[in-house]
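Reviewing the structure listed below.
The values are calculated or read from the model by the stated rules, or taken from the named source; none is laboratory data. Since we're looking at a predicted model, the values are computed, not measured. Here the Cβ positions follow ideal geometry from the backbone for every residue, glycine too, while neighbour counts run over all protein chains shown.
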Amino acid sequence: MKQFFEINRINTLYSVYVTAFLDNYYPRIVVIIGHTKNGFYKGGFPVRLRSMTGILIIGGGIAGLSAAAALSSEAKVTLLEAEPHLGFHASGRSAAIYLSEYGNGVVRKLNHASKPELDHIDGGVLTKRGMLLLARPHERQDFLDEMRPFEMHEVSMAEARGLVPILHPVNTAFAAFRDNVYDLDADRLLQYYTKTARRNGAEIVTGSKVSGISKTSKGWEVLAGQTDHNADILINASGAWVDEIARMAGIAPLGFQPFRRSMARIPAPGGHDVSTWPFMDAVNERWYGKPDAGGWIVSPFDEHRMNPHDAWADDMVLAEGLERYSEMVTEPVTRLQSSWAGLRTFAPDRSLVVGADVADPSFYWLAGQGGYGFQTAPAASGLVADLILGRVPELGDDVVEALSPGRF
Ligand SMILES: Cc1cc2nc3c(=O)[nH]c(=O)nc-3n(C[C@H](O)[C@H](O)[C@H](O)COP(=O)(O)OP(=O)(O)OC[C@H]3O[C@@H](n4cnc5c(N)ncnc54)[C@H](O)[C@@H]3O)c2cc1C
């Protein structure tokens with residue numbers, strides 16, 4: 001009380017004090033919020049709140065937000081994100097492409113299952129872009145091997161240059177095309193899921209890093225900042241940090257590995273209008289490129305093992321990737337406008353992991369989105385919702401089994 005009166009005295013002239021018994025919170029100790037000249041002040045007593053929720057999601061990327069949207073109409077959901085903004089890590093750094101034949105067989109099933117919702121959400125988040133697979137003169141066999149799984153058809157170099165006039169006359173010797181590859185509006189999808197979850201009553205808390213997780217007789221107790229959250233079910237959607245979160249909860253990690261992928265933004269090659277150019281992919285994963293807001297982005301297709309962290313692009317990796325790109329086009333790279341990198345996190349078998357942990361059925365994994373987190377989000381979040389809510393999964397048993405944490 002002495003502390004309270006001291007603060008009260010300091011702020012008397014400018015402050016309005018509110019005792020906040022916030023909705024859904026059971027404060028162990030009264031919270032004092034004071035309004036001062038400089039904004040809101042919070043203090044007076046040690047602040048440690050208790051928040052009750054049915055389902056607690058850790059991670060405010062595409063995985064966590066899509067799950068929050070899928071579950072919040074049926075359950076009380078709280079989502080905790082460590083960073084001040086949602087979509088700060090991998091989900092803020094993607095190439096934003098939908099390619100149904102990308103990933104292994106199980107991932108492809110998720111891609112296909114997600115397409116109707118991606119076509120429908122918010123008026124549709126996919127726009128046709130097309131894809132051109134390119135190869136150098138000595139890469140004929142690699143070209144044929146890659147073309148088939150992508151279900152592409154070979155086109156003449158004249159046709160390819162009709163689409164992209166900067167293809168090198170000697171160094172780019174083979175091209176294949178498919179038109180049903182799409183730009184995916186990643187920002188709009190994140191916003192849609194965030195708005196849907198909030199409209200359904202979910203609480204989404206940013207700047208709230210989970211630092212402790214313990215199992216109690218009543219469920220989970222999760223400490224984030226100064227708040228203890230209690231939940232019946234925990235969903236681990238923490239991207240590159242999923243194994244760390246599992247360890248924190250006393251759950252055995254599954255061996256996820258984050259890999260860095262970088263992007264370089266350069267001016268539109270030769271000043272061309274690139275808006276209608278297709279997504280371009282050089283065989284043997286040498287580089288890929290696509291138009292982006294009037295400019296052009298090129299990825300060196302890098303895949304370097306990393307520990308979970310806030311990734312950034314390595315200059316040498318970018319320079320080598322841009323060198324490989326430059327070899328196959330006629331327009332030189334004149335300058336780098338910006339660059340970034342993100343972590344693509346994979347399970348050992350490169351399929352997503354969706355479902356309850358074998359040792360604790362109240363701990364759910366929604367992890368290992370790798371390079372497909374956006375294009376698989378509707379189906380993966382739908383599955384985690386089906387499993388938690390006890391509905392018959394819309395995805396077939398074979399897919400559910402192939403995604404289950406129990407497969408390891
Ligand atoms: C360069 C690049 C290109 C890509 N291109 C595509 C593409 O074209 N199409 C596609 O579908 N996918 C693409 N991807 C993949 C896609 O971006 C990822 O699969 C997806 O963003 C992963 O989402 P996530 O929610 O699992 O992870 P994240 O977006 O990383 O979200 C996890 C969140 O958990 C939070 N978190 C971690 N620890 C804690 C903690 N202790 N407390 C609270 N919060 C915590 C993190 O802060 C983070 O925000 C690409 C990725 C990269 C890097």
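Could we say that LEU86 is within 9 Å of the ligand (Cβ to nearest atom) and outside any loop (DSSP other than H, G, I, E, B) here? Against the criterion (within 9 Å of the ligand (Cβ to nearest atom) and outside any loop (DSSP other than H, G, I, E, B)), LEU86 does not qualify.
Here is a yes/no grid of residues against (1) surrounded by 15 or more Cβ atoms within 10 Å (Cβ to Cβ); (2) outside the structural domain of ILE62 (by TED's automatic domain parsing); (3) under 24 Å from PHE346 (Cβ atoms):
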residue: ASN111; (1), (2), (3): yes, yes, yes
residue: GLY123; (1), (2), (3): no, yes, no
residue: ALA135; (1), (2), (3): yes, yes, no
residue: GLN141; (1), (2), (3): no, yes, no
residue: LEU144; (1), (2), (3): no, yes, no
residue: PHE174; (1), (2), (3): yes, yes, no
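Checked against (1) under 29 Å from MET280 (Cβ atoms); (2) within 11 Å of the ligand (Cβ to nearest atom), VAL353 passes all but condition (1).
ASP357 meets each of the listed conditions (1) under 30 Å from GLU151 (Cβ atoms); (2) touching a Gly at 6+ places or on another chain (Cβ under 9 Å) apart from (1). The set of residues in the range 328-347 being charged (D, E, K, R) and under 13 Å from GLY289 (Cβ atoms) consists of GLU331 alone.
Matching residues to (1) over 25 Å from PRO308 (Cα atoms); (2) outside the structural domain of ALA240 (by TED's automatic domain parsing); (3) surrounded by fewer than 15 Cβ atoms within 10 Å (Cβ to Cβ):
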site	(1), (2), (3)
SER339	no, yes, no
ASP357	no, no, no
TRP365	no, no, no
GLN375	no, no, no
ALA379	yes, no, no
ARG391	yes, no, yes
GLY396	yes, no, yes
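When the residues of the range 356-371 are filtered to those that are more than 12 Å from the ligand (Cβ to nearest atom) and aliphatic (A, V, I, L, M), the one that is nearest to LEU65 (Cα to Cα) is ALA356. Can you spot a residue in the range 231-250 that is within 9 Å of the ligand (Cβ to nearest atom), acidic (Asp, Glu) and under 21 Å from VAL354 (Cβ atoms)? Within the range 231-250 (the criterion being within 9 Å of the ligand (Cβ to nearest atom), acidic (Asp, Glu) and under 21 Å from VAL354 (Cβ atoms)), the answer is yes, since at least one residue qualifies. Among the residues in the range 369-392, are any of a type in the set (Asp, Glu) and free of Cβ contacts under 8 Å to residues at least 60 places away in the same chain? Yes, the conditions are met somewhere in the range 369-392. The conditions of being buried (at least 22 other Cβ atoms within 10 Å of the Cβ), within 14 Å of the ligand (Cβ to nearest atom) and not aromatic (Phe, Trp, Tyr) are met by SER91.
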